[in-house]
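Written out below as structure tokens is the structure these notes cover.
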Amino acid sequence: MGMDLDLYVHDKSIESPDIARSFKDEIIFEWYLKLNDFLLDEEIKVVTPNTYGEITIGEKKPLEKKDNAKILFKLSKILFGKERFNSINDIFNEYLIISEKVEDRERNPENLKQALKKIENHLIKNSTKLPVVHSIYEDRQLKKEVNQLEIGGINVNIEGDLFYLDNYKYLRNKIQLKSYLDDYGKIDDLIEVKPEIQINNKIYYTKTKTKAEQFENEFKKCFSFLDKAIKLKKKILWEFG
């Protein structure tokens, strides 16, 4: 989505964690998760970030079917450069009550921690069903990770995190070798994941992570921050933009 997720306190008295965009894109905005399968409505509400600096606190009038066409028409004009991007706000301000007040945007850190804990536990318990991440290494000790190779003079990306593809179930145990830019389409191969694999007549070694393992550090950073906020009796802001 190309936007950052920020966890902070208004007075900046606690250092904010640097949260990976992939955590936001995959986990918080539920790419392969369905939060309503295991979170309560209130937990979904508290774990869903508001846009930076503002929050919807009500509606001025209900959105009717006839309004959908009006909104889509305005959005199409924005996409084709016929209206300024900021006019998206004008569209929704007609229907929603937006607040920029800090007190409206702040959240209880204990509630956010509880919701994030439930998400992490779900990732752990369902690791055999959810996507996994494969990496390859030059050495048997798995210290020298390889992200790109040259095959026949062509630069090739090694892609072992394919959760976003429609046919993921078939790809779950595969690594993709794919060329881009000027060499786009010249190489697009799939390799079955085994402890040792051969690419371009060379042996490499693989390691597989679950999504829980991939995002373990992101959860830890969030929990550490939230624990400090709880101890200091601070409310927190959870925003993206």
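The values are calculated or read from the model by the stated rules, or taken from the named source; none is laboratory data. Fair warning: this is a prediction, and the values are worked out from it, not measured in the lab. Using ideal geometry, Cβ is built from the backbone for each residue, glycine included, and neighbour counts are taken over all protein chains shown.
Things worth noting here:
- Among residues of the stretch 177-188, those that are surrounded by fewer than 16 Cβ atoms within 10 Å (Cβ to Cβ) and more than 18 Å from residue 134 (Cα to Cα), counted: 7
- Matching residues in the stretch 166-186 - criterion: being modelled with pLDDT of 95 or more and of a type in the set (A, V, I, L, M, F, W, C): 171, 175, 177
- There is at least one residue in the stretch 146-154 that is surrounded by 16 or more Cβ atoms within 10 Å (Cβ to Cβ), modelled with pLDDT of 90 or more and within 27 Å of the chain's Cα centre (by Cα).
- For the criterion of being outside any strand (DSSP E or B), modelled with pLDDT of 65 or more and more than 19 Å from residue 115 (Cβ to Cβ), residue 18 passes.
- Test for residue 158: is it more than 26 Å from the chain's Cα centre (by Cα), of a type in the set (A, V, I, L, M) and outside the structural domain of residue 38 (by TED's automatic domain parsing): no
- Within the stretch 128-145, restricting attention to residues that are touching an Asp or Glu at 6+ places or on another chain (Cβ under 8 Å) and closer than 30 Å to residue 236 by Cβ, the residue that is surrounded by the most Cβ atoms within 10 Å (Cβ to Cβ) is 131.
- Some residue of the stretch 200-208 being crowded, with 16+ Cβ neighbours inside 10 Å, of a type in the set (A, V, I, L, M) and touching a strand residue (DSSP E or B) at 6+ places or on another chain (Cβ under 6 Å): no
- Total residues in the stretch 128-145, condition out of contact with any Lys or Arg (no Cβ under 7 Å at 6 or more places or on another chain) and either more than 15 Å from residue 207 (Cβ to Cβ) or modelled with pLDDT under 95 (or both): 2
- Taking each residue of the stretch 159-178 that is among the β-branched types (Val, Ile, Thr) and looking for partners that are part of a strand (DSSP E or B) with beta-carbon atoms closer than 8 Å, six or more apart or interchain, yields 175/134; 175/136; 175/158; 175/159; 175/190; 175/191; 175/197; 175/206.
- Residue satisfying condition, being surrounded by 14 or more Cβ atoms within 10 Å (Cβ to Cβ), basic (Lys, Arg) and assigned by TED's automatic domain parsing to the domain that holds residue 15, within set 220, 231, 235, 174: 235
- Residue match in the stretch 111-118 (condition: at pLDDT 90 or above and either touching a strand residue (DSSP E or B) at 6+ places or on another chain (Cβ under 9 Å) or farther than 30 Å from residue 225 by Cβ (or both)): yes
- A single member of 186, 174, 178 is in contact with a strand residue (DSSP E or B) (Cβ under 8 Å, 6 or more places away or on another chain) and over 29 Å from residue 29 (Cα atoms), and it is 186.
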